[in-house]
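Visitor: Would you mind keeping the following structure in view while I ask a few things?
The values are calculated or read from the model by the stated rules, or taken from the named source; none is laboratory data. Everything numeric here is computed off the predicted structure, so don't read it as measured data. FYI the Cβ positions are ideal-geometry reconstructions off the backbone, even for glycines, and counts take in every protein chain you see. Each accessible area value is taken on the protein alone, full model and side chains, heavy atoms only, with ligands, DNA and RNA left out. Shrake-Rupley method; radii C 1.70, N 1.55, O 1.52, S 1.80 Å.
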Amino acid sequence: MSESNTLRPDQKNLETELRREEVQVEPQAQVQMQARYAAGVVCPNCGTMNDADAQFCASCGASLRQQPCPNCGSPVDQDADFCEVCHHYIRQDVCSFCGAHLTDQDSFCPECGSPRGGIKCPTCHTMNEFSFCKQCGQPLTEEARALQYQIQQMPEYQQLRALAKEYDDLQMQLPYSSEQDQERDEASQRLRERILTLLAEDEGVKDFVAPAPTRKRCSLEELNLRKQMKMEQLAKMLDSLTVPPMPSPVKARNYVMAQKPAGVRLAWQCNYKNAMHSSPCGCAKPHLGGKWIVLGYHSNQVIKDDK
């Protein structure tokens, strides 16, 4: 005989009541679950449910406030002005050169006069949406030139530029390839000093001391050591010029590009995604801050927005 057939009438009634309660509770739980999902925000990256006022996912850290790029349709954060997928400036109401407000009728910025369609670099002929050329770093507007001049007068920048020049000279220097090569170079230096001394004596100069050559050759090991030391000095100096968060992404791009030293291969490491860009012109949120990173001429590090 089965167990169900042995239940007393009062037990059967209790079982029936419990089943009725389960049926009544289940729809209520579903309604509560639906209300919770309606009030919260689902992360587009990992699917985690977050509070309605959350800006970033509590699970993976992805932004919860995104909109489609008007150019390619890729999701971009609401406070971003640049799409890192199609590499286009996407704000129609803000001038990409100076950050001034624009209307739909403005073909030129009422503040800086820059054209809405971009400026072609006079040096490398690259079309740009920002105040500095993304290819060669040339300032393209009056405001950009003034900002670059202002930063170049800073003692920190002058020291940085001197270090960059020394590093560039080391990159152009050829090491000794053999002992015979070193001997020939030393003989050439002695001949140079002798000729300069004779010329000075002909002009009546006494106790002449020949100046040291600007580029003194050395072994490959010593040259690499010098390069490494100079790179560490550059990195330390660049760290001191780290750009803090700023209210305007346009102003942040201009400031970062104005402080970039020439003669060194650099990458911009942004605080937004901790990604490596060839410049802040490839970052969607440069106003969150970041810094220049020394790559050197033969670095294999991947730069995110290089095509």
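Residue-by-condition table, conditions (1) part of a helix (DSSP H, G or I); (2) of a type in the set (A, V, I, L, M); (3) in contact (Cβ under 8 Å) with a residue 40 or more places away in the chain; (4) open to solvent by less than 20 Å² (accessible area, probe 1.4 Å):
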| residue | (1), (2), (3), (4) |
| --- | --- |
| 238 | yes, yes, yes, yes |
| 247 | no, no, yes, no |
| 250 | yes, yes, yes, yes |
| 255 | yes, no, yes, no |
| 260 | no, no, yes, no |
| 281 | yes, no, yes, yes |
| 293 | no, yes, yes, no |
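Visitor: So which pairs qualify, if the first residue must be in the stretch 46-61 and of a type in the set (Phe, Trp, Tyr), the second must be assigned to a loop (DSSP other than H, G, I, E, B) and open to solvent by less than 50 Å² (accessible area, probe 1.4 Å), the Cβ gap must be under 7 Å, and the two must be at least 6 apart or on different chains?
Guide: 56/62; 56/64
Visitor: Is the stretch 201-215 home to any residue that is among the hydrophobic types (A, V, I, L, M, F, W, C), open to solvent by less than 90 Å² (accessible area, probe 1.4 Å) and in a helix (DSSP H, G or I)? It would help to see each step written out before you state the result.
Guide: Keep residues of the stretch 201-215 that are among the hydrophobic types (A, V, I, L, M, F, W, C), which gives 205, 208-210, 212.
When the remaining residues are screened for being open to solvent by less than 90 Å² (accessible area, probe 1.4 Å), the result is 205, 208, 210, 212.
Still in the list and also in a helix (DSSP H, G or I): none.
Within the stretch 201-215, none of the residues are among the hydrophobic types (A, V, I, L, M, F, W, C), open to solvent by less than 90 Å² (accessible area, probe 1.4 Å) and in a helix (DSSP H, G or I).
Visitor: Follow-up question, since we're still on this one. Name every residue in the stretch 62-84 that is part of a loop (DSSP other than H, G, I, E, B), free of Cβ contacts under 8 Å to residues at least 40 places away in the same chain and either open to solvent by less than 80 Å² (accessible area, probe 1.4 Å) or in contact with a strand residue (DSSP E or B) (Cβ under 8 Å, 6 or more places away or on another chain) (or both), in order of residue number. Lay out the reasoning, then the answer.
Guide: As a first pass, look at the stretch 62-84 and keep what is part of a loop (DSSP other than H, G, I, E, B): 62, 64-65, 69-74, 78-81, 84.
Okay, now just the ones that are also free of Cβ contacts under 8 Å to residues at least 40 places away in the same chain, so 62, 64-65, 69-74, 78.
Within the stretch 62-84, 62, 64, 65, 69, 71, 72, 73, 74, 78 qualify.
Visitor: Are any residues in the stretch 96-144 of a type in the set (Val, Ile, Thr) and either more than 17 Å from residue 278 (Cβ to Cβ) or not in a loop (DSSP other than H, G, I, E, B) (or both), and if so, which ones?
Guide: The first filter runs over the stretch 96-144 and keeps only residues of a type in the set (Val, Ile, Thr), leaving 103, 119, 123, 126, 141.
Result: 103, 119, 141.
Visitor: For residue 231, state whether it is surrounded by fewer than 19 Cβ atoms within 10 Å (Cβ to Cβ), part of a helix (DSSP H, G or I) and modelled with pLDDT under 90. Don't jump to the end; show me each part of the working.
Guide: Details: surrounded by fewer than 19 Cβ atoms within 10 Å (Cβ to Cβ): yes; part of a helix (DSSP H, G or I): yes; modelled with pLDDT under 90: yes.
The answer is yes for residue 231.
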